[in-house]
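See structure below.
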Amino acid sequence: MLTKQEFSAFLEKTVLLDGATGSELQKAGMPRGCCTEEWILANPDALISLQRRYVQAGSNILYAPTFQAQPIALERVNLHKQAETINAHLVALTKAAAEGALVAGNLTTLAAFCDSFDPEKFDLLVENYRVQIGGLLEGGADLLAAETLMYPQEAEAIFTAAQLEGAEAMLFTFTMQPDGSLFSGMDAAPVLQELEEAGACAVGFNCVAADNMTAGLVSRLRRYVKGPLVCKPNAGNPVIGENNLPIYPMGPQEFAEIVADCRQMGASVLGGCCGTTPEHIAAVKKKLV
């Protein structure tokens, strides 16, 4: 894994992340509602093909598909005892596709599995994230990327677990409202500021619908965040399509225009979340050249 100093040096330029994984794998045949990590292990070529397309589109960092590969999450498919090994294997798959890009071990909220905002659950969070991070490091992750976080306690638990496991290179992103508030009602900006001061290499948001207000959100957060600011929005607001599946309507060019505005407002770590594709990332790359 990179040191904090090495990753911070990498972030001195504009960096492109990848886009969505789950919705793209569904196009490749992954059933809705299945355990994504389990399906990828059985169908590795689908992931490698997708991630190579992201590299070709311009992504400098790929997120390994370890979004919910924590023991408490894998328990629903009786794979919790294999959590560390699963994380290592999934990182190795992404490294096979990376072709020079960095590989981020991906972590997320545990709100679907426990009351992750409850201080009494803090030790449980640390325990789960620590097992996951151990596997991510074993697989050779270059950095940790915690995303779609909902509560500051989750970020604190991940930070604690990372320190215990010796991981330094970290970025954190929260899902939030367009006005910059977390879904708990807290103002996100001071939370990001505290994470940055604690040692996070980059902070910001993901899973926020891209629209004409997104650049304003970046501007508000920039007043608090001194270092690299992450902007990883969705391809607009979803609508329900056939088979009750969400469809994200924003095309690559419109998305790229919004992300370019966010770059002008001070975001320098740019990518896409739900509904974005390699074509969206390629359009962002072209717009920023």
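Only the coordinates and a few stated rules stand behind these numbers; no lab work does. Keep in mind that what you see is a predicted model, and the values were worked out from it rather than measured. Glycine gets a Cβ as well: all are built from the backbone with ideal geometry, and neighbour counts include every protein chain shown.
Conditions: (1) assigned to a helix (DSSP H, G or I); (2) closer than 23 Å to C207 by Cβ. A20 meets all but one. Number of the miss?
Going through the list (1) assigned to a helix (DSSP H, G or I); (2) closer than 23 Å to C207 by Cβ, A20 breaks only (1).
Which residue pairs have Cβ atoms closer than 9 Å, lie 6 or more positions apart in sequence or on different chains, and pair a first residue in the stretch 160-176 that is without any contact (Cβ under 8 Å) to a residue 12 or more places away in the chain with a second residue that is part of a loop (DSSP other than H, G, I, E, B) and among the small types (G, A, S)?
Taking only residues 6 or more apart or on different chains, the pairs are Q163/G199.
Select from the stretch 45-101 the residues that are out of contact with any strand residue (DSSP E or B) (no Cβ under 8 Å at 6 or more places or on another chain) and outside any helix (DSSP H, G or I) and write down the one among them that is surrounded by the most Cβ atoms within 10 Å (Cβ to Cβ).
Among those that are out of contact with any strand residue (DSSP E or B) (no Cβ under 8 Å at 6 or more places or on another chain) and outside any helix (DSSP H, G or I), it is A69.
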